[in-house]
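Notes follow the structure.
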Amino acid sequence: MIVEPSIAKTRSLIDRWRTSGETIGLVPTMGYFHAGHLALMNQCRQTADRTVVSLFVNPTQFGADEDLDLYPRDFEGDCDKARAAGVDMVFCPEAGAMYGAAHRTIVTVSELTEGLCGVDRPDHFTGVTTVVTKLFNITGPDYAFFGEKDFQQLTVIMRLVNDLNFNIKVVGVGIVRERDGLAMSSRNAYLSASEREEAVVLYRALKTIRDEAVCKRYRDSSALLTSGRALIERSPACTVDYLSIADERTLQPQHTVTDRCRVFGAIKVSGRIRLIDNLALYG
Ligand code: PAF
């Protein structure tokens, strides 16, 4: 496995693969790999001839009061896991190489970024779409893989690829969960044992809403959300950031559940660890 921090060398190595007729898959990550990342890498390996993983904790998608400095990192462990997963290259640029002092360009997707996570994290998605655009331009992939846990991010990236005419197929990969249902996330590493036990309440609330909508055919979003919220509020360490039933293409909240709806949730555990999750309300 090649581990390459240089943008120029990454370009020329990938160009060589492409010239010899191989397809390229990109898995953009911020590292601290768990089974969710490994699922993205596996899907990439099954789809493309070459699997490139970018490992870059992107400073521009963190707000001033967020956890950039504390974000969990394990470079050696990540390289071991990527190697074992059969990855061909880890591209791991320095922040200074991605954002030189003269950097002035941002990429913004409107509307889709304004609700859900965009309410509390107003600049987050501009950071994501700017870095993902740069990663696409550096690696020139045929395919790019994103987890459905960050469903809003996946939707925004699909819009970006369409709007800017990138010739890239974006593939969404299903959420990988712990045995009790908690969605895998690098941020789970921050949870103490008791916080970890309580954090699963987000999944339970979404699952309750899903069961009521899918099995019992309840259609009133506001009633469904009230029962989900009440469940989370019973957990002393957890507070609701948002709970929303929205159309999965437009991400607009819906009063009545349709077969294009998902329930989206974000909680804070002990006021500091922000976790997100979502479930389809159909199927
Ligand atoms: O989902 C993530 O880990 C990040 O938002 C991404 C897509 C790698 C961009 O930094």
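The values are calculated or read from the model by the stated rules, or taken from the named source; none is laboratory data. Predicted model only: the values in this text are computed from it and were never measured. All Cβ positions, even for glycine, are placed from backbone atoms using ideal geometry, and neighbour counts span all protein chains on display. We work out accessible area using only protein heavy atoms, side chains counted, and drop any ligands, DNA or RNA first. Shrake-Rupley method; radii C 1.70, N 1.55, O 1.52, S 1.80 Å.
Structure data summary
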{"read-out": "Some residue of the stretch 86-104 being open to solvent by 30 Å² or more (accessible area, probe 1.4 Å), over 22 Å from LEU275 (Cβ atoms), basic (Lys, Arg) and part of a loop (DSSP other than H, G, I, E, B)", "value": "yes"}
{"read-out": "Cross-chain or 6+ apart pairs with Cβ under 8 Å, the stretch 199-216 first and more than 17 Å from ASP277 (Cα to Cα), then open to solvent by 40 Å² or more (accessible area, probe 1.4 Å) and small (Gly, Ala, Ser)", "value": "GLU212/SER227; VAL214/GLY283"}
{"read-out": "Residue within the stretch 135-148 that is within 20 Å of TYR242 (Cβ to Cβ) and in contact with a strand residue (DSSP E or B) (Cβ under 7 Å, 6 or more places away or on another chain) present", "value": "yes"}
{"read-out": "Residue satisfying all of: in the stretch 1-36; more than 23 Å from the chain's Cα centre (by Cα) and of a type in the set (Ser, Thr, Tyr); least open to solvent (accessible area, probe 1.4 Å) among these", "value": "THR10"}
{"read-out": "Qualifying residues in the stretch 122-147 (those that are open to solvent by 10 Å² or more (accessible area, probe 1.4 Å) and more than 11 Å from the ligand (Cβ to nearest atom)) - the one nearest to the chain's Cα centre (by Cα)", "value": "THR126"}
{"read-out": "Subset tally (residues that are in a helix (DSSP H, G or I), surrounded by fewer than 21 Cβ atoms within 10 Å (Cβ to Cβ) and not basic (Lys, Arg)) for the stretch 37-67", "value": "8"}
{"read-out": "Scope the stretch 241-256; condition within 17 Å of ARG204 (Cβ to Cβ) and touching an Asp or Glu at 6+ places or on another chain (Cβ under 7 Å); matching residues", "value": "ASP241"}
{"read-out": "Qualifying residue in the stretch 9-20 (condition: in a strand (DSSP E or B) and of a type outside the set (Lys, Arg))", "value": "no"}
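Rundown of residues vs (1) closer than 17 Å to VAL90 by Cβ; (2) of a type in the set (A, V, I, L, M); (3) within 12 Å of the ligand (Cβ to nearest atom), yes/no style:
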site: HIS37; (1), (2), (3): yes, no, yes
site: ASN42; (1), (2), (3): yes, no, no
site: ARG45; (1), (2), (3): yes, no, no
site: ALA48; (1), (2), (3): yes, yes, no
site: PHE56; (1), (2), (3): yes, no, yes
site: LEU68; (1), (2), (3): no, yes, yes
site: TYR71; (1), (2), (3): no, no, yes
